[in-house]
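Student: After the structure tokens below, expect a handful of questions from me.
Bear in mind that the values in this text are calculations on the coordinates, not laboratory data. Nothing here was measured: the structure is a model prediction, and the numbers come from that model. Quick reminder, even Gly has a Cβ in these numbers, built from the backbone with ideal geometry, and neighbours come from all protein chains shown.
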Amino acid sequence: MQEFIRLYNQNREDIERFLIETIRINGQFMTPDAERVTRFFGLMPSLELVYITDPNYIQISNNISKQKSDPSGIGKNRDYLVSKMTHSEDQTSVSAPYVSLATDQACVTVMVLWDKHYYFFDFNLTNLLSRFGLVERHPVFNQVSKIFYFRDRSVTDLLFIDVDRLCILRLLPPVCYSEHLYFRKCL
């Protein structure tokens with residue numbers, strides 16, 4: 001995590017400029033209408049969450065993510081985030097990297113004042129750095145991140161389904177580890 005924050009800080013100006021310019025160029029999507037705001041997710045793959053506040057930083061919109069719109073944030077006071085922002089002259093602010101309570105992932109937040117509302121855009125730091133070509137996920141890590149875990153109750157050991165290769169990987173009981181780590185059964 002510290003390495004990602006260091007990489008972000010080394011490239012902060014370029015990353016922030018890109019984020020702010022992309023948001024501002026697409027200002028037509030900044031409306032209290034959640035459906036229009038969701039168009040930012042198609043433009044910015046590292047974007048995780050968007051929400052809108054009034055001028056007093058009271059949230060007036062749902063928490064809008066790629067998958068859903070959650071009303072649990074409406075009415076929350078978001079002024080604590082404002083103190084963490086680096087303010088600029090163009091009514092746009094960017095936070096330092098922090099761990100999101102919502103996702104438990106490192107992220108940065110861009111806050112934009114637009115038509116008397118503040119728009120908060122949360123970006124996943126790892127995905128952002130990857131999109132800039134500053135980090136590269138290892139292929140094995142990519143495979144592991146696409147695996148679904150579930151328990152086979154009849155065998156009582158852990159099974160993995162590798163969706164890219166349509167294979168099932170079964171970890172054998174611990175007594176078998178010395179002979180085989182796993183066996184693969186391709187469908």
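Student: Would you work out if region 76-131 is rounded, prolate or oblate? Take a ≥ b ≥ c from the square roots of the eigenvalues of the alpha-carbon gyration tensor; rounded if a/c is under 1.5, else prolate when a/b is larger than b/c, oblate otherwise. Provide the component values of the computation, followed by the final result.
Tutor: Numbers: a/c = 1.99, a/b = 1.49, b/c = 1.33.
Note, shape of region 76-131 comes out prolate.
Student: OK, next. At what distance in angstrom do the alpha carbon centres of region 42-68 and region 92-115 lie from each other?
Tutor: Answer, in whole Å: 10.
Student: Still on this structure, I have one more. How large is the dipole of region 1-96 about the Cα centre if only Lys and Arg carry +1 and Asp and Glu carry -1, each at its Cβ, rounded to the nearest 20 debye?
Tutor: Numbers: 11 positive and 13 negative charges, 48 e Å.
Its charge dipole is roughly 240 debye.
Student: Let me ask another. Could you compute the FRET efficiency for residue 99 and residue 68, with r as their C-beta to C-beta distance and R0 at 25 Å, rounded to 0.05?
Tutor: 0.75
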